[in-house]
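First up is the structure itself, then whatever we jot down about it.
The values are calculated or read from the model by the stated rules, or taken from the named source; none is laboratory data. Source: prediction; values computed, not measured. Backbone-built Cβ (ideal geometry, glycine too); neighbour counts: all protein chains shown. Ligands, DNA and RNA are excluded from the accessible area calculation, which covers all protein heavy atoms including side chains. Shrake-Rupley method; radii C 1.70, N 1.55, O 1.52, S 1.80 Å.
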Amino acid sequence: QVQLGESGGGLVQPGGALRLSCVVSLSGFRLYEMGWYRQALGKQRELVATINRGETTTYADSVKDRFTISRDNAKNTVYLQMNSLKPEDTAVYYCNAPTLHWQWGQGTQVIVSE
């Protein structure tokens with residue numbers, strides 16, 4: 001069973017930055033497209049960024065030019081660098097494979113507030 005371990009969240013002021021990490025317990029990690037999702041309180045989970053095995057990336061319009069997704073296949077890890085954070089980025093952030101949807105991890109909470 002694939003396990004997803006997100007970390008790196010926290011409380012940050014508007015305009016600040018955080019770097020999220022997600023370790024994936026899966027042989028062959030490098031072959032899979034990965035994505036970062038977020039779910040704000042009372043809202044549906046949304047996909048914010050993806051990176052495929054060729055390291056082509058996509059972003060939701062709401063995070064474009066502020067967030068950067070990357071991966072380190074040697075460490076089975078996908079990252080999300082979040083800059084210029086806004087209060088509306090407050091959410092629990094998760095990683096997963098967009099085309100497979102393994103069992104969700106616990107996520108990591110990001111709170112953007114003064």
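Observations
- Each Lys or Arg adds one and each Asp or Glu takes one away; over the other residues whose Cβ falls under 9 Å from the Cβ of GLN39, this sums to +2.
- Summing charges over all other residues whose Cβ lies under 13 Å from the Cβ of GLY10, with Lys and Arg as +1 and Asp and Glu as -1, gives -1.
- Portion, in percent, of the accessible area of the chain that falls on carbon or sulfur, probe 1.4 Å: 45
- Kirkwood Rh in Å, taken over the stretch 7-114 so that all alpha-carbon pairs contribute: 13.8
- The lysines whose alpha-carbon is closer than 30 Å to the alpha-carbon of LYS75, local same-chain residues fewer than 8 away aside, are LYS64, LYS86.
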